[in-house]
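Everything below concerns the one structure shown next.
Derivation of every value follows stated rules applied to the coordinates shown; laboratory data play no part. The structure displayed is predicted, hence computed values, not measured ones. Here the Cβ is made from the backbone with ideal geometry for all residues, glycine too, and neighbour counts use every protein chain on show.
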Amino acid sequence: MTDPTALEILVIEDDLAICRLLEIALEANGYKTSFVPTAREAKITTAMRQPALVLLDLGLPDADGQDLLKALREWYIRPVIVVSARDSEAEIIKALDNGANDYLTKPFRTGELLARIRAALRQDQPEAADPVKTYGDLIIDLAARVVRKNGEMVKLTSTEYALLALFVRNEGKVLTHQFILREVWGPGYVERTEYPRVFVGQLRKKIETDPNYPKLISTESGVGYRFEAE
Amino acid sequence: MAKEHVGRQIIFSGLAVLVTAGICYPFSEHIGYRSVALILLLVLSVLALRQGLPAVLTAAVLSALVWDYFFIPPHFTFHIDSAEDALFMTMYFIVASLNGMINHRYRQIEALRREKRADERSLLLYNTLFSSLSHDLRTPIAAVLGAADTLKENEKQLSETQKKQLIEEISKGSVRLSEQVENLLNMSRIEAGIIKPKSAWCDVRDLALSSIKNCPIDQQGRSIKLNIDEHTPLVQLDFGLTEHVLHNLLTNALRHTPPGSLIELSAKIRNESHGRFVTNDQDQDLFTVKQPTEHFLVLEVRDNGKGFPPDEIHLVFDKFYRLGGTKADGTGLGLFVAKGLTEAQGGEIFLRNLPEGGACFTIEIPTTILNQAIHQHD
């Protein structure tokens, strides 16, 4: 517990029971923890301690968590995972648009939370120089723009490749349909909401081992997609 | 009562009086004009049995005037010669009006009584259902609390295995509670009518996989098979709501079929105008063309279990319905919520027993389909 190299996670949450639970779960997994119950203290503590990751509850006593998230995002660049009882797709999309790396609805399973934290921290690591990514039998060479599956070249159209590269660069992170549209097709295409669905379908057929049961690109119901190597 | 309705009744009653008077008119010499009044009174009494107060009073006034004008000598004047006729006329009017009022009042009391009886019945029903609901919520709470207390107070005496079992109980109880609270929240959303479906393009296979993802892992060999054509086009609907409907149908099947049962989830597009299934041809280079005809996404969840008792099928989607004699751990809300969320999207849900055994739930949701892929867009 006193490992000086342990990463610190700041939990912004006003419910004591949840705090206690998170403290035990996070420390048992080797993280340092600190807790603040209000938005005001959250800003100060985040600035002072520069935690490796922030867990944010949206229902805070003194401010709306979405506003706090926006404020934090003006200068805090490490991962923020929202943990909230608000479960509407609109709220989730708003949090992701406001800069959250991930979103978990209460009640959540601790195992799931830890997996999301690991993914967010991994993603936050300074980009390893190696542009070649390996996911099981899928190898993506971002420098050479080459994708191989089982050693064989996968022929991707330029849009499919752009989509895949976007996923790889944001591994583990939920990408909303709107974000994907803006990044791959451009701001003029945000209305073409069918594009991500169609192209993710095509991409799955080419890179998934069993496209009927996709493992790499998972669907976040009503929100978007997440690229994740198991 | 609606205004038009009252208007129609008044016209009908007036006509009845006029027709009766018209029929009596040629015979008034023979039967005497006072008998005509009795015949009119009879007609009024019959009217009073069915019509509302305004119609009956209108008919009473009209018939008194008609009788006076056409039948009481001197004819074709409202003048009444004899005191006897004046008295008869007044009595006629009073009896006719009283008749209408008494009938009206009686019907009011009857309606109140019926309402009260219905209230009592629904209260009784509510109490029964409520007690089963509170039982289903309290049981998992009791399991969680009990296990937690035991762990807290007997920490030293408990073996590792026992501790693990208790922890497992807490975990299972919480999942059950969470599911039931979810259904209760949805029930109130449905009843408050605040569900606003948000249509967006969905991959039907994604929808199916998401709905399966959160189903409990079955320990008794039940399995879910997907049967979705890979060329099923994208459809426009509310992903979250539809996923929830499917999830509820699947958990229901997992819970109520015998161990080892096979549950099949299938999807197809039904084309209303041609009445046939549309599967789209591959690799056509079309852009997003929407067909002018109406399309429905038809989702089916079928199992090879025992099916539902035929006389209970119509009750299945009722709030708190529980299959007779089952001791399942649900709240009886899952299927109610499934129906509510389907209907919120303008869809319909049906249940039938399969001839080969087992039950089949069908959901039909009106939708738009994306006719063809955008393959070589770049």
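Details
- Under the combined filter of DSSP loop state and at most 11 neighbouring Cβ atoms within 10 Å, region B:98-198 retains these GluC sites (Glu not before Pro): B:Glu155.
- Amide H contacts of A:Glu220 (H built 1.01 Å from N, under 5 Å, at least 5 apart or other chain): A:Tyr225, A:Arg226
- Taking the longest Cα principal axis of chain B as reference, the axis of helix B:160-192 is set at about 30 degrees.
- Of all the options B:Gly305, B:Gly358, B:Gly193, the one that moves most in a Gaussian network model of chain B with Cα springs shorter than 10 angstrom is B:Gly193.
- Size estimate for chain B follows the Kirkwood approach: the inverse of mean 1/r over distinct Cα pairs works out to 27.1 Å.
- Among B:Met91, B:Ile31, B:Ala111 the positive-end extreme of the charge dipole of region B:3-112 (Cβ point charges): B:Ala111
- Where chymotrypsin sites (Phe, Trp or Tyr not before Pro) in DSSP loops with at most 15 other Cβ within 10 Å are excluded, longest remaining stretch of chain B: B:79-286
- Cα centre as origin, Lys/Arg/Asp/Glu Cβ charges: the protein assembly as shown dipole, Debye: 500 debye
- Between helix B:53-66 and chain B: long-axis angle, C-alpha atoms, 0 to 90°, nearest 10: 20 degrees
- Estimated dipole of chain B in Debye, rounded to 20 [Cβ of Lys and Arg +1, of Asp and Glu -1, Cα centre]: 980 debye
- Looking at region A:97-162, the GluC sites (Glu not before Pro) that sit in a DSSP loop and have at most 12 other Cβ atoms within 10 Å of their own Cβ are A:Glu127.
- Kirkwood hydrodynamic radius over Cα pairs of region A:8-124, then Stokes diffusion coefficient at 10 °C and 1.306 mPa s, in µm²/s: 114 µm²/s
- For region B:74-224, the fraction of alpha-carbon pairs in successive 5 Å shells from zero, as %: 2, 6, 7, 8, 9, 9, 8, 7, 6, 5, 4, 4, 4, 4, 3, 3, 3, 3, 2, 1, 1, 1, 0
- Charge dipole (debye, nearest 20) of region A:117-189; +1 at Cβ of Lys and Arg, -1 at Cβ of Asp and Glu: 100 debye
- GNM result for chain B, Cα springs below 10 Å: residue of B:Asp85, B:Asp119, B:Asp149 fluctuating most strongly: B:Asp85
- Between helix B:239-256 and chain B: long-axis angle, C-alpha atoms, 0 to 90°, nearest 10: 80 degrees
- Per residue, the convex hull around the alpha carbon atoms of region B:1-152 comes to 136 Å³.
- Chain B, relative contact order in percent, only Cα pairs under 8 angstrom and at least six apart counted: 13 percent
- By the Cα gyration tensor, region B:144-284 has an equivalent ellipsoid whose semi-axes, rounded to whole angstrom, run 41, 20, 12 from largest to smallest.
- For region B:128-229, the list of trypsin sites (Lys or Arg not before Pro) that fall in a loop by DSSP and count at most 15 other C-beta atoms within 10 angstrom reads B:Lys156, B:Lys198.
- Hull-based mean projected area of chain A, where the convex hull spans the alpha carbons, in square nanometres: 13.5 nm²
- Taking amide H positions as modeled 1.01 Å from N, with prolines and chain starts lacking one, no residue 5 or more places away or on another chain lies under 5 Å from A:Asn170.
- For the protein assembly as shown, the equivalent ellipsoid derived from the alpha-carbon gyration tensor has semi-axes of 68, 32, 26 Å in decreasing order.
- Share antiparallel - DSSP beta bridges, the protein assembly as shown, percent rounded to 5: 70 percent
- Within the straight-line cut-off of under 16 Å between alpha carbons, the lysines reachable from B:Lys268 are B:Lys225, sequence neighbours fewer than 8 places apart in one chain being disregarded.
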